[in-house]
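The values are calculated or read from the model by the stated rules, or taken from the named source; none is laboratory data. Please read these numbers as outputs of a predicted model, since none were measured by experiment. Here Cβ is always computed from backbone atoms with ideal geometry, including for glycine, and neighbour counts include all displayed protein chains. For the accessible areas, the whole protein counts, side chains as well, though only heavy atoms, and no ligand, DNA or RNA atoms are used. Shrake-Rupley method; radii C 1.70, N 1.55, O 1.52, S 1.80 Å.
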Amino acid sequence: MRSGNPFKENLLDAISVVPLKKSGYFADPSARKGTARNVRVFECDDPARVAYDFQAKAGRNYVGLERIKGKGYIMTMADGTRITYRLISSSKDHSPVVELKVRNFKRVKSQKIHFVPRGGQCLR
Amino acid sequence: MFEIDKRLQPTELELLQELVGSTIVRMDAVLVDNDNSAWNTVRIHTKRGAVDISNLLEELPLNDEGDTEEYAVMSVAAAPDKILVVDAITADTSVCFVNQVVSGVLLAEGRVKTFYKGELLTDRTYTQAVILRLSDDSYLVFDKEVWFEEIITIKQGENLAELLYDESPDWEDDLEEKPDTHFELTRALVEL
């Protein structure tokens, strides 16, 4: 395995794309009734581009990458944090999703972030 | 109110019970991180046959407004006694030789009750981890960890409490952002 960045080294760049709350979660909570606090929604003008930009910055200098055929890929960081990028999710509006399974870094919590158009319907 | 029971079913439990007394020859898994994170399935080979422990996303009811959410759900099935192939991901299959006898099987079962403005919305039970106790008194744990990933984390050690994933941060209340929502998480350890 090659050397690479722990996730925390990429945090400032990731925050430049999607804001991080003091709770350790990015973006805003999903407004759907009953969702866990670690389901997040980021409204933006170009969800595909912004999701791509976010995962590229969050996963910069990963140590491992495996493709999920036809759907996206999983990056592993030097600290064991896992970033899963799905270009098209299985949710109703097929929005891009970035999942973070964070290890060894308490500032950020494990979470699932949906990228939706401004005024997005299904993940309001 | 939705009652959702995604624990392993009796036929799956029988497959696990049949492991007791058998020798685990090897495990196959497609690892996503060159460590211990398997993509969706681990195949356990014994001298009697093979069993797959899987963790796959399923759409489950979220509330009374027709919304759903994808949760990773564990399952167990009989498998062919040949090397595991997982087409969904590009990594190669890794094989780990174990050669240990299973002395017992336990399950970690989780339960999350979701309340909205004091009213119970969903009561969801599920299998969080399959645990094999080995003859050297260590535990081999297949843990699905965070609820939204199709990953099985494979762990081995002697302190079961330390091995099992702590889900509580995933189900914390947030009085600032979601003051109307309340979660109650409980866990039970069940020996088969």
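Under 5 Å between amide hydrogens, built in the peptide plane, is the criterion, and for A:ASP79 it picks out A:PHE7 among residues at least 5 positions away or on other chains. Extension gain, A:ALA31-A:ASP79: 0.36 nm per intervening residue step, less the Cα-Cα distance, totals 14.1 nm. For the stretch B:93-107, 3J(HN,Hα) computed residue by residue from phi via the Karplus equation (6.51, -1.76, 1.60; θ = phi - 60°) reads 6, 9, 10, 10, 7, 10, 6, 10, 8, 8, 9, x, 10, 10, 10 Hz, glycine and proline entered as x.
Per residue, the convex hull around the alpha carbon atoms of the stretch B:1-138 comes to 134 Å³. Taking K and R as +1 and D and E as -1, what net charge do the other residues with C-beta under 14 Å from the C-beta of B:TYR139 add up to? It works out to a net charge of -4.
The mean count of C-beta atoms from other chains within 10 Å of the C-beta of residues in A:14-23, rounded to a whole number, is 1.
When A:HIS94, B:HIS182 are compared by accessible surface with a 1.4 Å probe, the order from highest to lowest is A:HIS94, B:HIS182. Computed 3J(HN,Hα) for the stretch B:125-130, one whole-Hz value per residue from the Karplus formula 6.51 cos²θ - 1.76 cosθ + 1.60 where θ = phi - 60°, is 10, 7, 8, 8, 8, 9, glycine and proline marked x. Given R0 = 51 Å, the distance between the Cβ atoms of B:LEU134 and A:ARG118 translates into a calculated FRET efficiency of 0.40.
The alpha carbons of the protein assembly as shown give a radius of gyration and a Dmax of 19.6, 59 Å, in that order. The residues neighbouring A:SER23, those whose beta-carbon lies less than 14 Å from its own, together hold a net charge of +1 under the Lys/Arg +1, Asp/Glu -1 convention. Farthest toward the positive end of the dipole of chain A, out of A:ASN5, A:TYR62, A:THR35, is the Cα of A:THR35, where the dipole comes from beta carbon charges about the Cα centre.
Could you tally up the Lys pairs in the stretch B:20-169 with alpha carbons closer than 27 Å? Skip any pair fewer than 8 positions apart unless they're on separate chains.
Total qualifying Lys-Lys pairs in the stretch B:20-169 comes to 7.
Give me the accessible area per residue for chain B, probe 1.4 Å, as a whole number in Å².
Values: 8350 Å² over 192 residues.
With the other protein chains kept in place, chain B gives 43 Å² per residue.
Here's the picture: a label point sits 7 Å out from the Cα of B:GLU59 along the beta-carbon direction, and within the stretch B:1-38 nothing has its amide nitrogen under 15 Å of it. Net charge within 15 Å of B:ASP81 by Cβ-Cβ distance, Lys/Arg positive one each and Asp/Glu negative one each, not counting B:ASP81 itself? Its environment carries a net charge of +2.
Could you look at the stretch B:30-163 and say what percent of its accessible area is carbon and sulfur, using a 1.4 Å probe and all protein chains?
Carbon and sulfur together cover 44 percent of it.
Within 10 Å of the Cβ of each residue in A:27-35, the mean number of Cβ atoms contributed by other protein chains is 6. For the protein assembly as shown, adding -39500 (n - 2.57) for each run of n ≥ 4 DSSP H residues and dividing by the number of residues yields -2500 deg cm²/dmol at 222 nm.
Put a dot 7 Å past the Cα of A:SER90, heading toward its Cβ, do the same for B:GLU191, and the two dots end up 3.5 nm apart.
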